[in-house]
1. What net charge do the residues around D30 carry, taking every other residue with its C-beta under 14 Å from that of D30, with Lys and Arg at +1 and Asp and Glu at -1?
2. For each of L225, L194, L54, count neighbouring Cβ atoms within 10 Å of the residue's Cβ, then give the residues from fewest to most.
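None of the figures in this text is laboratory data; all of them are computed from the coordinates on show. Note that the structure is predicted; figures quoted are calculated from it, not measured. A quick note on method: Cβ atoms are made from the backbone with ideal geometry, for glycine too, and the neighbour counts reach across all protein chains shown.
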Amino acid sequence: MSSTAPSVGLRPAAVLSRGVTEPPMTPGLDPESQRWLRDLRSQGATYDEAVGHLHALLLGAARFEVSRRRPSLPHLRGDEFPDIAMEAADDALMSVIRRLDDFRGDSRFTTWAYKFAVLEAAVKLRRRAWQGREVPLEPEGWALFSTVQPTPHEDAEQAQLLDVLQRAMREILTPHQREVLIALALNGVPIDVLAERLGTTRGALYKTLHDARRKLRARLAACGLTPDWLERRS
């Protein structure tokens, strides 16, 4: 996409349905936030200008986040980063405009909007970093559950815990719960990457992970083992 802000056709439903060009403002908002909301809910040149300014703001936020994370992604080519920032700004713009009615004024509008760009940039960088890589769904990371240089007592406790935990994962978790728990908690797959590969949502994966951990905590407790051990490592 070009560096020029898209002339998006997204306008709040209230504007389109009632033809309102000056919708009521939320009481208590600072003047700048009021102006942003008013202009983004308007039409014509005022709307287009506001969209352009918002896109520039979001692009700056996305570029900052990409630059901040760039040292941790040495395997990505340098020419990929500008495109990632632009894609993040474009998607963030769409999200902000769709969610104008969600803005409650807990912060300045620009602060609220800035977070959309940061999130989009982080998600796109994680996805690009995993592009073409196999998502490990098998328990490659059991060693991560071990304490560094455990004492003999800790070593024996960990061996017992791991044995109970692995048997519980086979016996009481569904195949999908095992896949999600192993990928996220053991193998460190980013949740948005896993959601994309499995064709689901972050929310659904969080629910699956929560249910799996709840089952495992119950099994550990029934065996007289402390569920805190599981919490510290997942």
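1. After counting each charged neighbour, the total is +2.
2. By the 10 Å Cβ count, ascending: L225, L194, L54.
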